[in-house]
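Following: one structure in structure tokens, then a few remarks.
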Amino acid sequence: MKPQKPIAAFLAAALGIGALWAGSAAGAESLQDVMKRRNLSQQDLLAAAKTYVPTGKRDEFVAFSSGGQSGQVIVYGIPSMRILKYIGVFTPEPWQGYGYDEESKAVLAQGRIDGRDITWGDTHHPAMSETQGKYDGQFLFINDKANPRLAVIDLRDFETKQIVANPIFRSEHGGAFVTPNTEYIIEAAQYAAPLDNKKFVPLEEFNEKYRGGVTYWKFDRKEGRIQTKDSFSVELPPYSQDLSDAGKGPSDGWSFTNSFCSERYVGGIEKGRPPYEAGCSAKDTDYMHVVNWKKAAELVAKGMAKKINGHNVLSIETAVKEGILFLIPEPKSPHGVMVSPDGKFITVSGKLDTHVIVYSWEKIQAAIKAGNFEAKDAYGIPVLGMKETLHKTVQVGLGPLHTQYDSKSCVAYTSLYVDSQIAKWDYCEGRVLDKIAVHYNVGHLMTMEGDSMDPKGRYLVAMNKLSIDRFTPVGPLHPQNHQLIDISNDKMQLLYDMPIPLGEPHYVVAIDAAKLKPGVRYKVGTNSRTDAPSAGAVRAGEEKTVRKGNKIEVFGTLIRSHITPETIEAEVGDEVTIHLTNLERAQDETHGFTVSTYNVHASVEPGKTVTVKFKADKEGVYPYYCTEFCSALHLEMQGYLLVKPKGWKATKTAGAEKAIYSEDDYKKQLKKVADTQAVIDQVVGYITSVNYKDFPDVVNMMDDAVDQLNKIKDAKAKHEDAAKKKDWNQATLWAEQVWQYQVKAADLGLRAKTYLEQNGARKGK
Ligand code: CUK
Ligand code: CUA
């Protein structure tokens with residue numbers, strides 16, 4: 001827009017809109033100049049061209065990374081590797097108000113164990129919800145290894161909705177993995193312990209009383225929540241279960257779980273026993289557990305499970321008798337078990353071996369059918385022979401750890417922890433195709449949708465544990481290093497190093513960005529953690545403060561640039577509850593809210609209702625304000641909590657200020673208002689001259705603007721009334737308030753106009 005009047009220029013400048021800057025053409029450097037100046041090779045430029053996402057463009061894939069010990073999830077784009085978001089999961093996250101408002105505190109409280117609040121988590125493996133074995137972009141699940149728990153994140157708003165604590169494990173690691181239609185989320189135990197954990201059991205009774213297991217959490221997709229009463233576990237020997245995967249296609253209905261200490265070794269170096277690491281890797285093999293979860297679910301439905309801590313558990317004895325549990329020797333200390341996209345092969349590699357072992361599902365099934373077992377373990381579980389079930393053994397290198405699949409058939413990638421390499425190999429023919437060095441000590445690796453039935457290929461991310469000498473030093477605790485590798489050609493090409501500065505990201509999943517369809521606003525008055533209408537929601541004009549005994553409940557609203565109410569009065573010792581609804585419809589108009597020193601914070605996105613609660617335990621004055629820079633008058637989005645001593649009475653009457661403003665001031669205000677109206681008319685003229693109704697975002701902005709303009713009538717009546725009484729203070733300030741409403745409307749109007757210009761609006765309706 002071209003501001004024609006001083007006031008319009010001020011408006012545009014204050015709102016930060018209207019200034020278009022053209023790129024400077026003078027003294028442009030050539031590509032060669034830049035390469036020379038920055039010491040870049042052809043190879044660097046090629047890598048840069050493959051990862052650079054120009055301003056305004058978006059990434060092809062979105063990655064969801066474990067945040068490790070931060071207890072959170074990190075979201076970033078591929079190939080740009082730009083971080084998009086942290087999602088608070090097991091740990092409070094102040095920006096999102098997670099753990100500082102009542103709604104999210106209720107989610108964190110679901111994760112209490114033994115009555116204790118646990119405000120951290122050790123997240124390891126995120127899993128995307130699937131429909132017919134393909135990522136559907138609806139939900140994300142992630143586990144907490146330290147405090148065995150699982151969380152549900154809804155990808156409509158990227159918020160954590162539910163945390164469930166495992167009722168029978170003391171630690172876990174083999175989660176989260178989903179079945180092909182997300183019927184169940186798999187979570188396997190790690191360090192064995194007595195399942196009920198009601199009383200102390202000495203380590204000497206490890207083999208008899210300690211147990212592992214695998215839990216199948218029933219997921220109700222319509223509710224978007226885990227249903228604990230329909231969930232169940234299969235008891236397993238104390239073999240230190242590890243990662244898992246669900247069968248697919250021909251192996252659908254089955255699941256596979258590794259173990260790393262089938263020796264059942266119990267350390268105790270203090271008593272002169274060799275340490276765990278020696279005892280747990282004494283044998284050449286560990287066991288892969290093969291479970292028929294579909295049949296297990298039927299047995300549970302028939303009432304064949306016993307209840308432990310109120311949870312359904314199928315005993316080893318029942319599982320063996322019903323033929324739903326088998327073991328297969330696998331190379332020792334493996335780190336993952338990965339079912340191929342077609343569900344026909346299962347890949348396992350032992351960290352202390354040089355081979356990847358590919359099992360054939362067809363052979364496993366045949367051996368089970370024929371009752372062809374080579375032994376029974378100490379708990380009576382049938383053990384299938386490795387030879388009988390083997391498809392291929394491939395020597396890939398030292399420390400093979402985790403495998404992911406390509407979109408090209410038969411192609412897989414395995415991380416080599418000791419060699420610090422990625423091996424590309426053919427699992428049908430059993431030969432290595434390519435190798436590339438990474439930097440250093442890669443743990444998991446990940447290809448695009450590479451653990452689904454429909455891998456997308458293209459990129460691979462190596463999750464390297466160490467980043468020695470890679471980044472600018474930041475002290476002894478280094479970031480970790482996610483390295484992006486191009487896998488679209490025969491030879492792999494290393495593209496980019498991304499320092500990860502939050503927790504230890506163990507595993508990542510990446511989804512085609514087009515499959516994610518998050519919302520931009522909530523239905524007005526929504527409690528985002530339950531997806532239900534909030535009892536604290538009010539509409540504009542319905543704001544109120546209710547006092548009952550020593551409880552004060554505020555039903556407030558937020559809209560640029562105003563918190564309603566602007567004062568909250570309490571007596572010391574009162575319990576204060578504040579509900580705030582963000583009335584904005586415009587995208588990205590989030591308001592925050594905090595009260596000085598009461599350790600509360602809310603992030604209130606458009607439409608959301610959030611509640612904060614505290615005890616006003618100390619008399620005094622406590623400013624509250626909007627914490628998000630939401631508008632030109634964001635700093636004025638403020639108020640006071642006044643905590644008075646009991647029985648305090650006012651001695652001064654409000655509104656008895658001296659005259660500050662004159663008739664002249666009032667007239668200046670009226671002129672400003674008239675000038676601004678001209679700007680608004682001009683913007684509205686433009687918007688209504690084009691097909692703005694075809695742009696829902698613009699329609700929402702216009703609705704918000706009209707809301708602001710509608711408030712003018714009341715303020716106008718007030719200033720005119722005051723002017724009649726020659727109360728120039730009141731008249732000037734109410735005229736100023738008219739202008740405030742205009743500014744907010746103009747802000748929205750100008751944004752709508754910019755949006756229309758940039759998105760190809762046409763003249764005419
Ligand atoms: S883990 Cu840590 S790097 Cu928990 Cu799967 Cu491998
Ligand atoms: Cu609302 Cu700042």
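The values are calculated or read from the model by the stated rules, or taken from the named source; none is laboratory data. Nothing here was measured: the structure is a model prediction, and the numbers come from that model. Neighbour counts are summed over all protein chains in view; Cβ atoms, including those assigned to glycine, are modelled from backbone coordinates with ideal geometry.
At a glance:
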| item | result |
| --- | --- |
| Which listed residue is among the charged types (D, E, K, R), away from ligand 2 (no atom under 16 Å from the Cβ) and without any contact (Cβ under 8 Å) to a residue 12 or more places away in the chain, from K551, K544, K517 | K544 |
| Check on V595, out of contact with any helix residue (DSSP H, G or I) (no Cβ under 7 Å at 6 or more places or on another chain) and either within 28 Å of P696 (Cβ to Cβ) or away from ligand 2 (no atom under 16 Å from the Cβ) (or both) | no |
| Matching entry among A462, A514 (being out of contact with any His (no Cβ under 6 Å at 6 or more places or on another chain), at pLDDT 95 or above, closer than 25 Å to E159 by Cβ and not in a loop (DSSP other than H, G, I, E, B)) | A514 |
| Condition met for V699 (crowded, with 19+ Cβ neighbours inside 10 Å, among the β-branched types (V, I, T), part of a helix (DSSP H, G or I) and within 43 Å of the chain's Cα centre (by Cα)) | no |
| Members of region 538-562 found to be crowded, with 21+ Cβ neighbours inside 10 Å and at pLDDT 95 or above, listed by number | V554, F555, G556, T557, L558 |
| Candidate set from region 607-631 (those that are in contact (Cβ under 8 Å) with a residue 40 or more places away in the chain and polar (S, T, N, Q)); member that is farthest from ligand 1 (Cβ to nearest atom) | S631 |
| Test: residue in region 619-641 that is under 33 Å from the mean Cα position of the chain (by Cα), away from ligand 2 (no atom under 16 Å from the Cβ), farther than 30 Å from K725 by Cα and in a loop (DSSP other than H, G, I, E, B) | no |
| Flag for Q587 being over 20 Å from Y100 (Cα atoms) and surrounded by 12 or more Cβ atoms within 10 Å (Cβ to Cβ) | yes |
| Among the candidates A63, A14, residue that is surrounded by 10 or more Cβ atoms within 10 Å (Cβ to Cβ) and at pLDDT below 50 | A14 |
| Count - residues of region 707-734 that are surrounded by 14 or more Cβ atoms within 10 Å (Cβ to Cβ) and of a type outside the set (S, T, Y) | 18 |
| Residue list for region 603-613, filter: within 15 Å of ligand 2 (Cβ to nearest atom) and either out of contact with any strand residue (DSSP E or B) (no Cβ under 7 Å at 6 or more places or on another chain) or farther than 10 Å from E628 by Cβ (or both) | P606, G607, K608, V610 |
| So V432, is it of a type in the set (A, V, I, L, M, F, W, C), in contact with a strand residue (DSSP E or B) (Cβ under 8 Å, 6 or more places away or on another chain) and over 26 Å from K134 (Cβ atoms) | yes |
| Members of region 110-122 found to be among the aliphatic types (A, V, I, L, M) and buried (at least 17 other Cβ atoms within 10 Å of the Cβ), listed by number | I118 |
| Cβ pairs under 7 Å, 6+ apart, first in region 264-292 and over 19 Å from T354 (Cα atoms), second of a type in the set (S, T, N, Q) and part of a helix (DSSP H, G or I) | R264/N207 |
| Meets criteria (within 24 Å of I118 (Cα to Cα), of a type in the set (D, E) and touching a Gly at 6+ places or on another chain (Cβ under 7 Å)) for D154 | yes |
